[in-house]
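The values are calculated or read from the model by the stated rules, or taken from the named source; none is laboratory data. Since the structure is predicted, the reported quantities are computational estimates derived from the model, not experimental observations. Here the Cβ positions follow ideal geometry from the backbone for every residue, glycine too, while neighbour counts run over all protein chains shown.
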Amino acid sequence: MSNDWQPIAGADELAVGQMKAFELEGRRLLLVNAEGRLHVIDEMCSHEDYSLALGCIKGSKIKCSLHGSYFDLNTGEALDEPADEPICTYPVKVEDGQVWTRLERG
């Protein structure tokens with residue numbers, strides 16, 4: 001896994017409540033703007049291989065629309081069953097009009 005920061009989106013690309021799926025070094029990730037704060041998480045739910053991009057954002061949580069499990073966007077923690085495994089979160093920074101992340105887990 002690379003520890004190098006990589007640009008993934010324009011700083012003003014996502015409005016609050018929006019998300020964008022993307023791939024980085026073979027990993028499927030999701031950029032989420034929740035309450036004006038940007039998060040990068042694994043795109044796929046840890047319970048079933050189902051895209052969280054199809055879910056919804058509620059506060060600082062994201063809901064998997066397949067079975068209704070919520071995940072904390074800050075920690076990746078699974079907050080509701082049936083999911084019991086966390087998702088990975090990644091560091092994010094905004095610099096020079098770009099959103100950056102690296103694959104070091106946050």
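Is it the case that the range 72-91 has a residue that's buried (at least 19 other Cβ atoms within 10 Å of the Cβ), touching a Phe, Trp or Tyr at 6+ places or on another chain (Cβ under 8 Å) and touching a residue at least 40 places away in the same chain (Cβ under 8 Å)? Among the residues of the range 72-91, at least one is buried (at least 19 other Cβ atoms within 10 Å of the Cβ), touching a Phe, Trp or Tyr at 6+ places or on another chain (Cβ under 8 Å) and touching a residue at least 40 places away in the same chain (Cβ under 8 Å), which makes the answer yes. All but one of (1) touching a Pro at 6+ places or on another chain (Cβ under 7 Å); (2) surrounded by 15 or more Cβ atoms within 10 Å (Cβ to Cβ) hold for His67; state the number of the condition that does not hold. Here His67 meets the rest and fails (2). Considering only residues that are of a type in the set (S, T, N, Q) and farther than 18 Å from Trp100 by Cβ, look in the range 19-56 and name the one that is surrounded by the most Cβ atoms within 10 Å (Cβ to Cβ). In this case the residue turns out to be Ser46.
Only a single criterion out of (1) crowded, with 19+ Cβ neighbours inside 10 Å; (2) at pLDDT below 95; (3) not small (Gly, Ala, Ser) is not satisfied by Arg105, namely (1).
Within the range 38-53, no residue that is closer than 16 Å to Gly26 by Cβ and touching a residue at least 60 places away in the same chain (Cβ under 8 Å) sits with its Cβ atom under 9 Å from a residue that is small (Gly, Ala, Ser) and outside any loop (DSSP other than H, G, I, E, B) at 6+ positions apart or across chains.
In a residue-by-residue description of the range 70-92, the property of being among the hydroxyl-bearing types (Ser, Thr, Tyr) and farther than 21 Å from Ala11 by Cα applies to at least one position.
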